[in-house]
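Trainee: Questions regarding the structure given below will be posed in turn.
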Amino acid sequence: MSMPKLKMDDLEARVPIIQGGMSVGISLSGLASAVAQEGGIGVIGAAGIGIFEPDLLTNYKAANERALRREIQTCRENTDGIIGVNIMMALSDYDSLINASIDEEVDIVFIGAGLLLRVPDTIDIEKIKSSKTKIVPIVSGAKGAKVMFNYWARFYDHVPDAVVIEGPLAGGHLGFTLEDLNNPEITLEGIIPEVVSIIQPFREKYGKDIPVIAGGGIFSGEDIRRMMDLGASGVQMATRFVATHECDASMSFKELYLNCTEDDITIIKSPVGMPGRAIRNQFIREVSSGVKKPFKCPWKCLRTCDFENTPYCIAMALSNSKRGNLDQGFAFAGANAYRVDSIVHVKELMEILIREYEEA
């Protein structure tokens, strides 16, 4: 059986695979355009995207917006495929980044690290409703999906265009408590059918596809097939795309994935205020043991960051690791990162996943 297409109203991806948005320079136009060109949905990670702009320290908001617009435009020059942007609600300039994405007519805005319920005055809800840009929340369970869809339906007579469910095996920031992460009864496989059931009435009322996308710990074509059998219309994958030549991270960052073991994958406490899954290295060992990494905060990039008391700057740590300076940073990764055994081109990875799906 061949992979079905992923349909989101007027958008149709030939391959139902969304490349997860990895921020602070891991998934930029290089990776996103390569995935889109192969029929999937390529995603730019917007958090910290302006970290390498020369005026970041003096013009933080404008630097981020400028960098994001440039990456979107570069994607458009390289592919006519489907391009998305991942934006964290925890960012202090999330509204500016959403507006810039819509202005640039990006295909999809994925919203994570919090729910976009009451749309602030700085974002025109009518512009969202009339735009070609799809709005897709990333949630960790049925409750989050139900809350956002009910809120938008009640107050805006409009609902998101799809929903991504990130299960407890995902990399990066996780929408689960530490107790839930250790609860074997909480699984992506159990959450997907619940969300499909919750979304169905909104599909009928608004006449929209509203696909449910499964993410977190999906590694193989067989995993994709299992998610689709449970009712998902597509999957979100991030870890596999780090180990590609087109990924925008340094080779040292990618080699961390190649060389890690299962025991190296750990849960950390992030300054974002959420637990996160990362690859244990010396930096993580030090901060976990109480060592502080002094820094001066030139701006509060995260609304949730207690920068006066946090032991390190996560933006600085992640930008260091993106550049290969892993002594001063770390890498987020999914629970299956230890299974990565080679670096391949995006085209080859997509072919492998499609073949595995068909064989399953």
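Trainee: Restricting the search to segment 72-91, which residues are surrounded by 22 or more Cβ atoms within 10 Å (Cβ to Cβ), farther than 23 Å from GLY273 by Cβ and touching an Asp or Glu at 6+ places or on another chain (Cβ under 9 Å)?
Mentor: Here is the first cut: in segment 72-91, the ones surrounded by 22 or more Cβ atoms within 10 Å (Cβ to Cβ) are 72, 75, 81-88, 91.
Okay, now just the ones that are also farther than 23 Å from GLY273 by Cβ, so 72, 75, 81-84.
Matches in segment 72-91: ILE72, GLY81, ILE82, ILE83, GLY84.
For every residue, the table says whether it meets (1) in contact with a helix residue (DSSP H, G or I) (Cβ under 9 Å, 6 or more places away or on another chain); (2) in a loop (DSSP other than H, G, I, E, B); (3) among the basic types (Lys, Arg).
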residue: ILE98; (1), (2), (3): yes, no, no
residue: ILE102; (1), (2), (3): yes, no, no
residue: LEU117; (1), (2), (3): yes, yes, no
residue: ILE123; (1), (2), (3): yes, yes, no
residue: LYS127; (1), (2), (3): yes, no, yes
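Trainee: Let me confirm something: among ILE265, ILE354, ILE284, ILE279, which residue is buried (at least 18 other Cβ atoms within 10 Å of the Cβ), closer than 18 Å to GLN19 by Cβ and in contact (Cβ under 8 Å) with a residue 24 or more places away in the chain? Explain how you work it out, then say what you get.
Mentor: On the way: ILE265 fails: closer than 18 Å to GLN19 by Cβ; ILE284 fails: closer than 18 Å to GLN19 by Cβ; ILE279 fails: closer than 18 Å to GLN19 by Cβ.
Just one listed residue meets the conditions, ILE354.
Trainee: Moving on. In segment 251-279, which residue that is at pLDDT 95 or above and assigned to a loop (DSSP other than H, G, I, E, B) is nearest to the chain's Cα centre (by Cα)?
Mentor: Going through the qualifying residues, I end up with CYS260.
Trainee: Based on what the data block shows, is LEU97 out of contact with any Ser or Thr (no Cβ under 9 Å at 6 or more places or on another chain) and at pLDDT 95 or above? If you could, list the steps in order and put the result at the bottom.
Mentor: Numbers: out of contact with any Ser or Thr (no Cβ under 9 Å at 6 or more places or on another chain): yes; at pLDDT 95 or above: yes.
Criteria met by LEU97.
Trainee: Within segment 227-243, track down each residue that is surrounded by fewer than 18 Cβ atoms within 10 Å (Cβ to Cβ) and either of a type outside the set (A, V, I, L, M) or assigned to a helix (DSSP H, G or I) (or both).
Mentor: ASP229, GLY231
Trainee: Take the residues in segment 92-117 that are closer than 22 Å to CYS301 by Cβ and charged (D, E, K, R); name whichever of them is surrounded by the most Cβ atoms within 10 Å (Cβ to Cβ).
Mentor: Out of the qualifying residues, it is ASP93.
Trainee: I'm checking my understanding of the structure. Among residues of segment 129-143 that are more than 21 Å from the chain's Cα centre (by Cα) and outside any loop (DSSP other than H, G, I, E, B), which one is nearest to ASP93 (Cα to Cα)? Before you say what the answer is, go through the steps one by one.
Mentor: Applying the first criterion (more than 21 Å from the chain's Cα centre (by Cα)) to segment 129-143 yields 129-131.
When the remaining residues are screened for being outside any loop (DSSP other than H, G, I, E, B), the result is 129-130.
Numbers: LYS129: 21, SER130: 22 Å.
Going through the qualifying residues, I end up with LYS129.
Trainee: Something else: Please determine whether any residue of segment 67-74 is modelled with pLDDT of 95 or more and among the polar types (S, T, N, Q). Spell out how you get there, then give the answer.
Mentor: The initial filter retains those residues of segment 67-74 that are modelled with pLDDT of 95 or more, namely 67-74.
Checking the rest, the ones that are also among the polar types (S, T, N, Q) come to 73-74.
The answer is yes; a qualifying residue exists.
Trainee: Condition first: assigned to a helix (DSSP H, G or I) and among the aliphatic types (A, V, I, L, M). Now tell me which residues in segment 192-226 satisfy that. Step through it out loud before you land on a result.
Mentor: Going residue by residue through segment 192-226, those that are assigned to a helix (DSSP H, G or I) are 192-206, 221-226.
Scanning segment 192-226 gives ILE192, VAL195, VAL196, ILE198, ILE199, ILE224.
Trainee: I'm checking my understanding of the structure. Among residues of segment 27-58 that are in a loop (DSSP other than H, G, I, E, B) and hydrophobic (A, V, I, L, M, F, W, C), which one is nearest to CYS301 (Cα to Cα)?
Mentor: To start, the set of residues in segment 27-58 that are in a loop (DSSP other than H, G, I, E, B) comprises 27-28, 38-40, 46-58.
Adding the requirement that they be hydrophobic (A, V, I, L, M, F, W, C) leaves 28, 46-47, 49, 51-52, 56-57.
Numbers: LEU28: 19, ALA46: 12, ALA47: 9, ILE49: 11, ILE51: 11, PHE52: 14, LEU56: 11, LEU57: 11 Å.
Looking at the filtered set, the residue picked out is ALA47.
Trainee: Would you be able to tell me the number of residues in segment 252-262 that are within 19 Å of SER23 (Cβ to Cβ) and aliphatic (A, V, I, L, M)?
Mentor: Taking segment 252-262 as the starting set, the residues that turn out to be within 19 Å of SER23 (Cβ to Cβ) are 252-254, 256-257.
In the following step, the residues that additionally are aliphatic (A, V, I, L, M) were identified as 256.
Count: 1.
Trainee: Being small (Gly, Ala, Ser) and surrounded by fewer than 22 Cβ atoms within 10 Å (Cβ to Cβ): is that true of ALA63 here? Spell out the reasoning first.
Mentor: Details: small (Gly, Ala, Ser): yes; surrounded by fewer than 22 Cβ atoms within 10 Å (Cβ to Cβ): yes.
The answer is yes for ALA63.
Trainee: Here is a list: ALA333, ALA317. Which entry is without any contact (Cβ under 8 Å) to a residue 40 or more places away in the chain and crowded, with 21+ Cβ neighbours inside 10 Å? If you could, list the steps in order and put the result at the bottom.
Mentor: Details: ALA333 fails: without any contact (Cβ under 8 Å) to a residue 40 or more places away in the chain.
Exactly one of ALA333, ALA317 is without any contact (Cβ under 8 Å) to a residue 40 or more places away in the chain and crowded, with 21+ Cβ neighbours inside 10 Å, namely ALA317.
Trainee: If you go through segment 237-250 one residue at a time, do you hit one that is in the same structural domain as GLY20 (by TED's automatic domain parsing) and in contact with a Cys (Cβ under 7 Å, 6 or more places away or on another chain)?
Mentor: For segment 237-250, residues in the same structural domain as GLY20 (by TED's automatic domain parsing) and in contact with a Cys (Cβ under 7 Å, 6 or more places away or on another chain): present.
The values are calculated or read from the model by the stated rules, or taken from the named source; none is laboratory data. Every value quoted in this text rests on a predicted model; they were computed, and no experiment measured them. In this analysis, Cβ positions are derived from the backbone assuming ideal geometry, glycine residues included, and neighbour counts consider all displayed protein chains.
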